Amino acid sequence: MRKAGIAAGWGWAAAIVWLSLTPSPPEVDIAHSDKLGHFAAYGLLMFWFTRLYLRRATRIAYAIGFVALGIALELVQGQLGYRTYEVFDMYANTLGVLLGWAAALVLRKPVFP
């Protein structure tokens, strides 16, 4: 089951990359849905991986990697002709990573031991 959990986590990471770079991402008619989407996507991603890996150093590495991913994808979006660069998306991504980790601290037992 652990391998399936790891695969699901990387599948979610791939979905974030695709959604960030696709010319026509899904739209929701809710105020600030874009920022909420960034926050939720990165929060779930970090929460998932902190449930898979309990070592603090590993969690720090994933947090740094996911924040860097969010920044890199925003920079790439700025270079695409059909997407836009937004600093507040980076903030939403980073906040999602931090709160995803915080939520995992509340639930200490790993999902996939």
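The values are calculated or read from the model by the stated rules, or taken from the named source; none is laboratory data. Here the structure is a predicted model, which means the values were calculated and not measured. We place every Cβ from the backbone using ideal geometry, glycine too, and count neighbours over all the protein chains shown. Side chains are part of the model used for accessible areas, which takes the heavy atoms of the whole protein and leaves out ligands, DNA and RNA. Shrake-Rupley method; radii C 1.70, N 1.55, O 1.52, S 1.80 Å.
Across the stretch 1-65, what fraction of all alpha-carbon pairs, as a whole percent, falls in each successive 10 Å bin from zero upward?
19, 46, 26, 8
What does the convex hull of the alpha-carbon atoms of the chain project to on average, in nm²?
7.2
Could you work out the helix-only [θ] at 222 nm for the chain, with each DSSP H run of four or more residues adding -39,500 (n - 2.57) and the total divided by the number of residues, to the nearest 500 deg cm²/dmol?
-26000 deg cm²/dmol, from helical runs alone.
Please sort by residue number the chymotrypsin sites (Phe, Trp or Tyr not before Pro) in the stretch 16-106 whose DSSP state is loop and whose Cβ has at most 10 other Cβ atoms within 10 Å.
Within the stretch 16-106, the qualifying chymotrypsin sites (Phe, Trp or Tyr not before Pro) (loop, at most 10 other Cβ atoms within 10 Å) are Y82.
List the residue ranges in the chain for DSSP H helices whose C-alpha atoms run 24 angstrom or more along the long axis and whose Kyte-Doolittle average is 0.5 or above.
2-21, 56-79, 87-106
Dividing the Cα convex hull volume of the stretch 54-111 by residue count, how many Å³ per residue is that?
Per-residue hull volume (Cα only) is 78 Å³.
Could you tell me which of V87, T58, A102 has its Cα farthest along the dipole of the chain towards the positive end, charges placed at Cβ (Lys, Arg +1; Asp, Glu -1), taken about the Cα centre?
Working it through, the farthest residue towards the positive pole turns out to be T58.
Summarise the accessible area of the chain (1.4 Å probe, protein heavy atoms) by the percent that is carbon and sulfur.
The computed percentage sits at 72.
Give me the accessible area per residue for the chain, probe 1.4 Å, as a whole number in Å².
62
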